[in-house]
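In what follows, a structure is listed as structure tokens, so that the remarks can point back to it.
The values are calculated or read from the model by the stated rules, or taken from the named source; none is laboratory data. Bear in mind the structure is a predicted one, so any value in this text is a computation, not a measurement. Every residue, glycine as well, gets a Cβ built from its backbone with ideal geometry; the counts of neighbours run over all protein chains shown.
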Amino acid sequence: MQLKGSLILAGIAGLIAVAQAQHGISLAWQTPESQVSQSPGFASGVVGRNIAVDRMGRIHVVWTENVGTQFDVFYAFSDDGGATWSRPRDIVNSPLPATSPNLAVAPNDSLHMTWVDRRGPGGMPRLYYSRSFDRGATWGAAMDLSGNSTEPVGPGLISVDNRGRIHVAYHLGNPDGGATPAICYYVRSIDGGHSFSPPLRLSSNTGRHAAFPRFSVEGTLGDLIAIAWRDNRRNPDWDVYVAVSNDGGQSFVERVGQATPQRDWDPDAIVDPQGTIHLAWMTYGTPQGISIDYKRSADQGQTWTPHLTLSQARSRFPFLVKDPRRPYMWLFWKDERDAEPPPSQNFRADIACKLSVDGGRTWSQMEFATDLGNEEVKFPGITIDPAGRPNVVWSDRRQGATLEQVHFKRRHLIGDIDRNGCVDDADLSILLEMFGRAGLQVEGDLDMNGIVDDRDLAMMLPAFGSGCR
């Protein structure tokens, strides 16, 4: 009987493992994937935001690519929704390694990019900036933003507000064991990238590391800015701190975002047009192992709502993105429920997300955007296109251990129930027909709360006409 019981338990465990490994791709994400890069070696995603969509719907992507013994920044675009891509181009052409590009599009469709480069005196990594006024055809001369320093620079996050002001945050120093504490800085341009302000320190002088600042002001006037980073001032613990400005980046005050005995790590922060700060981070030492958590503040970070855990299994690297035209907000992350046991470093991560239609008060059921089986999604980047579709890029090694490529896909439109690319009367008719039905992935359940109801009808109204010609 003991053997029989053991076999039953083993069978149940096996079924659970199979169910987890075969989570599949959610209905709304069952769209074609395309390969953006054409690298003979390694084309890698980045930390931050490396995808942008302009008003005409052109999708712009930048990434780091290994060219022989050199790393450089490559760019490609798509004018057909990501079905096909332009020939990748090296747009930096640095004589020394160039990595970590981040990209933003301004209201006038100009493109603005930062990257890390060793071309400066002494070969120390510095943060550079360039811009394009012709939708990526040509790029301006590189501008050094971080200046002369004896410390290396981290990735530069860049965002452009609705007034065309350019905001950049980065860190100087090595947070992974450097003797000199890493420090977070901010610069801005109020003339479209012609010139930038001197670096303004964001993190306090605590003698400990502060690193990897992340933020976005896309779709807002840019007066309220919230920049979050991970902070080691309570060494060996790590916490989340947030620098908040209410004057467009002229000055900042430091707020505590999340400080617990657990390790609170790698946050992301965005602000919405209503003046709410949204904060997401990953927490180590939870029942999931690592969880994705969220909170918000309506008073510029002075107080915060209780945190919500939005992941279901071991997950890392949150990514908040706001639809700049509609009242929708998405939280993406890497779901690692299929990870191989230690000491393997194959986390078999896939892209997961949830949607909030009420400013972060409630969240939808979780969606899977990818299911790569034994392969791992690396460095996802996300943006929302003018029609309201989440567009995602990432890199993976599905073609072999020595070949990494950048891939793209986008979600179906919210409200496009018949999947014809347009939210119209036909979709409204389907929603009304399905009204009151409950279950997982029911057609018409736009907010993914398990039932087709008034909330779904309210969601369709701002989306009506999206994608239609």
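Observations on the model:
- Unmet requirement for ASP176, which otherwise passes all of (1) part of a loop (DSSP other than H, G, I, E, B); (2) touching a residue at least 12 places away in the same chain (Cβ under 8 Å); (3) within 24 Å of THR64 (Cβ to Cβ): (2)
This table checks each residue for (1) among the charged types (D, E, K, R); (2) modelled with pLDDT under 95; (3) at negative phi.
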site: PRO324; (1), (2), (3): no, yes, yes
site: MET366; (1), (2), (3): no, no, yes
site: VAL392; (1), (2), (3): no, no, yes
site: ARG397; (1), (2), (3): yes, no, yes
site: GLY415; (1), (2), (3): no, yes, no
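- Whichever residue in the stretch 150-174 is surrounded by fewer than 20 Cβ atoms within 10 Å (Cβ to Cβ) and within 19 Å of THR206 (Cβ to Cβ) and, among such residues, is nearest to the chain's Cα centre (by Cα): ASN174
- Some residue of the stretch 214-223 being aromatic (Phe, Trp, Tyr), in contact (Cβ under 8 Å) with a residue 24 or more places away in the chain, within 30 Å of ASP79 (Cβ to Cβ) and not in a strand (DSSP E or B): yes
- Of the numbered criteria (1) without any contact (Cβ under 8 Å) to a residue 24 or more places away in the chain; (2) closer than 19 Å to ASP247 by Cβ; (3) within 25 Å of the chain's Cα centre (by Cα), the one PHE133 fails is (2).
- Filter result (hydrophobic (A, V, I, L, M, F, W, C) and either buried (at least 22 other Cβ atoms within 10 Å of the Cβ) or in contact with a Lys or Arg (Cβ under 6 Å, 6 or more places away or on another chain) (or both)) within the stretch 282-323: MET282, ILE290, ILE292, TRP304, LEU310, ALA313, PHE317, PHE319, LEU320, VAL321
- Condition broken by ILE183, with the remaining ones in (1) under 30 Å from TYR328 (Cβ atoms); (2) crowded, with 18+ Cβ neighbours inside 10 Å; (3) of a type in the set (A, V, I, L, M) satisfied: (1)
- In the stretch 56-101, residue farthest from the chain's Cα centre (by Cα) [restricted to those that are among the small types (Gly, Ala, Ser) and at positive phi]: GLY68
- Selection of the stretch 75-98 for residues being under 15 Å from ALA52 (Cβ atoms) and either outside the structural domain of ILE51 (by TED's automatic domain parsing) or out of contact with any His (no Cβ under 9 Å at 6 or more places or on another chain) (or both) yields ASP79, GLY81, GLY82, TRP85, SER86, ILE91.
- Among the residues of the stretch 458-469, those identified as at pLDDT 85 or above, surrounded by fewer than 20 Cβ atoms within 10 Å (Cβ to Cβ) and not aliphatic (A, V, I, L, M) are PHE464, GLY465, CYS468.
- Matching option when the condition is surrounded by 15 or more Cβ atoms within 10 Å (Cβ to Cβ), among the acidic types (Asp, Glu) and over 27 Å from THR276 (Cβ atoms), among GLU404, GLU367, GLU433: GLU404
- Single residue of the stretch 444-457 satisfying the filter (in contact (Cβ under 8 Å) with a residue 24 or more places away in the chain and surrounded by fewer than 18 Cβ atoms within 10 Å (Cβ to Cβ)) that is nearest to the chain's Cα centre (by Cα): ASN449
- When residues of the stretch 260-281 are limited to those that are over 21 Å from VAL357 (Cα atoms) and out of contact with any strand residue (DSSP E or B) (no Cβ under 7 Å at 6 or more places or on another chain), the one surrounded by the fewest Cβ atoms within 10 Å (Cβ to Cβ): PRO261
- Condition check for SER159: among the polar types (S, T, N, Q), in a strand (DSSP E or B) and closer than 25 Å to ASN148 by Cα: yes
- Just one of the listed residues (ASP90, ASP117) is charged (D, E, K, R) and either buried (at least 19 other Cβ atoms within 10 Å of the Cβ) or within 22 Å of GLY388 (Cα to Cα) (or both), namely ASP117.
- Which listed residue is modelled with pLDDT of 90 or more and aliphatic (A, V, I, L, M), from LEU446, LEU431, LEU440: LEU431
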